[in-house]
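Every number here is computed from the coordinates shown, using simple stated rules; none is lab data. Small disclaimer: the values here were computed from a predicted structure and weren't measured. Here the Cβ positions follow ideal geometry from the backbone for every residue, glycine too, while neighbour counts run over all protein chains shown.
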């Protein structure tokens, strides 16, 4: 067969290190007749031996404006009944991931009632994502110095458990809320440098574990030290 063959490996960052070392040998062996395209979300999980043999192309998250435009196009093509506020909510939840936004919209629109309108409330419920006012309520619990660790922990746990929110999502939203409060001058950035550093470390631990209850206690204690 003439020409160059192209092999595309999606989710390459999920490969084990042993598999990647084996892949390196394959790339070397067939470099004259084959080109390899590795697609991943986290390039730090690709071993240096492979990265040094590749040309890296990084793609930024898609802007909210473009995500909303695409969601509206899909909704119109599928004859969905919708409230425009739903697209903004889906875009905020997706964080620049168009595939995630479309999947969430599909889930929200696949109820028993075919005429059910796609709206912001429905999108939040389907995604299991806290609303902005709920994030503010959660943040206010942590920022309130008059409440002890025991009192805050009891209220915080009850609120998170009843709503079934993911600790990783809560962490991301709290960090964004702190940054917003710093930007608008509500809080002094010097007072929260340590907290942001601790939250970043906690977020890294949460991404590698499934013990949500333990990290929930750590999150509260960061603010109550």
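For an R0 of 41 angstrom, estimate the FRET efficiency from the Cβ-Cβ distance between residue 19 and residue 225 and round to the nearest 0.05.
So the FRET efficiency works out to roughly 0.45.
Based on the alpha-carbon gyration tensor of the range 1-137 and its eigenvalue square roots a ≥ b ≥ c, which shape applies: rounded if a/c is under 1.5, prolate if not and a/b is larger than b/c, or oblate?
The shape class here is prolate.
What FRET efficiency comes out for residue 11 versus residue 34 if R0 is 22 angstrom and r is the Cβ-Cβ distance? Round to the nearest 0.05. The partial results should precede the final answer.
Values: r = 20 Å, r/R0 = 0.89.
Calculated value: 0.65.
I'd like the orientation of helix 167-183 relative to the chain: the angle between its Cα long axis and the longest Cα principal axis, in ° from 0 to 90, rounded to 10.
Long axis of 167-183 versus the principal axis of the chain: about 70 degrees.
Based on other C-beta atoms within 10 Å, arrange 105, 218 from fewest to most.
Ordered by Cβ neighbours within 10 Å, fewest first: 218, 105.
Going by C-beta contacts inside 10 Å, put 87, 57 in order with the fewest on the left.
In increasing order of surrounding Cβ atoms, one gets 57, 87.
Determine the calculated [θ] at 222 nm for the chain from helices alone, applying -39500 (n - 2.57) to every DSSP H run no shorter than 4 residues and normalising by the residue count; nearest 500 deg cm²/dmol. Show your work: numbers first, answer last.
Values: 11 runs with 136 residues, N = 225.
Here the helix-only value at 222 nm equals -19000 deg cm²/dmol.
How tilted is helix 212-224 with respect to the longest principal axis of the chain? Cα atoms for both, answer in degrees (0 to 90, nearest 10).
Approximately 60 degrees, to the nearest ten.
Multiply the residue separation of residue 151 and residue 55 by 0.36 nm, subtract the distance between their alpha-carbon atoms, and state the gained length in nm to one decimal.
Working: separation 96, 0.36 × 96 = 34.56 nm, distance 5.32 nm.
Net length gain for the segment: 29.2 nm.
Which whole-angstrom value gives the distance between the alpha carbon centres of the range 15-64 and the range 132-149?
So the separation of the two Cα centres works out to 43 Å.
Quick one: if you stick a label point 7 Å off each Cα along the C-beta vector at residue 66 and residue 163, how many nm between them?
3.1 nm
To test your reading of the geometry: what angle, between 0 and 90 degrees and rounded to tens, separates the Cα axis of helix 149-163 from the longest principal axis of the chain?
Roughly 60 degrees between the two axes.
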